[in-house]
Amino acid sequence: TKRVVGCYSKALLLDATHPVAGRGMLRMKPYEEIVHLCTAATSDTSPVNGWAWKAVGRSKAMDAGDDEMGAICLQQALRSRDISASSNESLAFFFPRADGDDSAPSDECAETWAELAFCYRRLGKYSASLRAYNSADESFCGEMLPPSVLCAWAHVELELGLFEDAVSRFEAVLEASTEPSVRPLASYGHGIAMVALSKTLVGEGKFGSALEHLLQGIQSVEALLDKEEDPTSSPSTSACSFKLLGDLYTLGASTPASLFTDKTDDKGSMRCDLDCCSHHDEETLSKLFFVSKGGDAYSKAMMAHKEESEESDYTDTSLLIAAASFDLGTNLLCQAQILATSLGEGTGGDTHTSMLDMLKKCKGIQHRIDVSIKHFRAAIESYELFAPAWCGIGSALCYRDVLLAQHCFCRAVQIDKTIADGWSSLGLIYADQNAASQASETLDALTQVADSPF
């Protein structure tokens with residue numbers, strides 16, 4: 001080894017940018033010990049010093065945290081002939097992989113593009129990152145990019161709203177990769193993409209397709225949780241997975257009950273009053289059971305957050321517990337609305353079609369609203385400045401005390417003036433009370449903060 005290092009060192013003394021010697025030194029020595037060699041190589045205007053620019057750029061981005069400088073260095077590496085057109089180099093045969101695995105497909109140009117994409121992503125330049133990933137894919141000799149790169153690429157597509165592309169990329173990773181460090185990331189990302197895509201499909205009225213995507217996401221996240229030998233050993237990780245699973249189940253409340261025929265086999269664990277069940281059809285009970293699984297997942301997420309708070313002094317634990325309580329309250333409120341809808345609430349076909357009338361018809365509705373209020377209050381007690389919890393308790397109190405609900409919505413917009421749910425709910429309360437002037441002012445404020453103010 002010493003003789004090899006000595007030979008490479010002598011070669012670099014004669015030619016500071018020699019591509020074979022430079023790559024050899026990077027393989028044999030830690031970067032910290034040869035910084036001077038890389039600096040000397042980058043100081044020379046040579047078309048084959050891309051190896052040095054790449055090493056410097058990687059160090060700037062990963063070690064120093066300077067993604068701006070890292071991106072500049074990687075761009076310079078891509079302009080070098082030994083990176084961008086290494087196959088045309090006479091000494092390209094001696095450019096083996098830095099990790100020593102010559103059996104796997106490798107292209108230094110693709111690797112450099114991928115590292116540049118990482119820098120752009122961390123800088124928030126998602127469009128530039130997406131173009132860099134596309135360039136990496138084009139230059140990778142027709143092979144599939146490494147799974148970790150594909151996962152990062154898919155997350156950029158999620159940020160840009162390209163949900164279908166992200167789903168296909170995550171699925172490609174899950175199908176082709178067996179790496180234990182990558183599959184959990186792909187499963188979790190696949191679930192997130194399915195939530196986002198399902199929300200879009202619900203907005204377009206494609207409820208059947210939305211439910212199918214939810215079921216695929218649920219399958220991915222449940223497989224992720226099943227593979228964890230002891231989920232409680234990493235509370236933060238399991239809490240995120242249970243939170244995502246709860247979101248997938250709860251989003252099912254946005255789809256019609258007619259889609260849930262044969263979707264669930266066992267309703268024995270459904271928390272519904274027996275007297276109430278007799279008033280609802282089988283489809284409604286199937287939908288209710290499906291959504292209630294989201295409440296179970298949220299409860300497990302809350303338990304994981306509480307366990308994490310006992311194990312460490314993480315400062316944001318109170319906010320995490322508040323968010324979990326809010327999710328649980330929202331799930332229960334969705335369950336109440338499912339039961340009320342099946343009884344004709346909001347149809348206008350009868351004089352007794354409001355939620356207040358539904359409370360008298362079904363004890364299950366009253367029970368779920370009571371418990372949801374309890375969880376919303378727990379969220380506020382855990383973190384008083386959590387505006388969504390004030391909106392949640394206001395929505396539940398609309399069926400009991402409108403004035404108190406109005407106070408809750410006012411408190412929500414006082415905490416966060418950009419919260420659209422608070423402004424819209426407050427405007428509807430004013431409209432119901434025939435306060436036209438206040439309703440107009442409130443809805444005008446809504447148009448300033450909502451993406452879709454209609």
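Considering segment 387-406 alone, what residues qualify as being buried (at least 24 other Cβ atoms within 10 Å of the Cβ), of a type in the set (A, V, I, L, M, F, W, C) and in contact with a Cys (Cβ under 8 Å, 6 or more places away or on another chain)? Give the derivation first.
We begin by selecting, within segment 387-406, every residue buried (at least 24 other Cβ atoms within 10 Å of the Cβ); these are 389-394, 396.
Now drop any that are not of a type in the set (A, V, I, L, M, F, W, C), which leaves 389-391, 393, 396.
Residues satisfying the conditions are W390, C391, I393.
Restricting attention to segment 413-421, does a residue exist that is within 16 Å of C334 (Cβ to Cβ), out of contact with any strand residue (DSSP E or B) (no Cβ under 7 Å at 6 or more places or on another chain) and not charged (D, E, K, R)?
no
Here is a check on your reading of the model: is S135 part of a helix (DSSP H, G or I) and not hydrophobic (A, V, I, L, M, F, W, C)?
Considered against the rule, which asks whether it is part of a helix (DSSP H, G or I) and not hydrophobic (A, V, I, L, M, F, W, C), S135 comes out as yes.
Kindly provide the set of residues from segment 361-386 that are outside any helix (DSSP H, G or I) and either open to solvent by less than 20 Å² (accessible area, probe 1.4 Å) or of a type in the set (S, T, N, Q) (or both), ordered by number.
If the condition is that a residue be outside any helix (DSSP H, G or I) and either open to solvent by less than 20 Å² (accessible area, probe 1.4 Å) or of a type in the set (S, T, N, Q) (or both), then C362 is the only one that fits.
Keeping to segment 369-408, report how many residues are in contact (Cβ under 8 Å) with a residue 60 or more places away in the chain, more than 22 Å from Q433 (Cβ to Cβ) and polar (S, T, N, Q).
1
Which residues, counting only those in segment 131-141, are open to solvent by 30 Å² or more (accessible area, probe 1.4 Å) and within 15 Å of A154 (Cβ to Cβ)?
Scanning segment 131-141 gives N134, D137.
Of all the residues that make up segment 284-307, how many are modelled with pLDDT under 85 and open to solvent by 30 Å² or more (accessible area, probe 1.4 Å)?
So the count comes out to 2.
Could you list all residues from segment 130-145 that are in contact with a Cys (Cβ under 9 Å, 6 or more places away or on another chain) and either more than 19 Å from S84 (Cβ to Cβ) or not small (G, A, S) (or both)?
F140
List the number of the failed condition for G124; all other conditions in (1) in a helix (DSSP H, G or I); (2) modelled with pLDDT of 85 or more hold.
(1)
Within segment 161-176, is there a residue that is assigned to a helix (DSSP H, G or I), open to solvent by less than 60 Å² (accessible area, probe 1.4 Å), more than 28 Å from S129 (Cβ to Cβ) and touching a Lys or Arg at 6+ places or on another chain (Cβ under 8 Å)?
no
The values are calculated or read from the model by the stated rules, or taken from the named source; none is laboratory data. Since the structure is predicted, the reported quantities are computational estimates derived from the model, not experimental observations. Note that we place each Cβ from the backbone using ideal geometry, even for glycine, and neighbour counts take in every protein chain shown. Side chains are part of the model used for accessible areas, which takes the heavy atoms of the whole protein and leaves out ligands, DNA and RNA. Shrake-Rupley method; radii C 1.70, N 1.55, O 1.52, S 1.80 Å.
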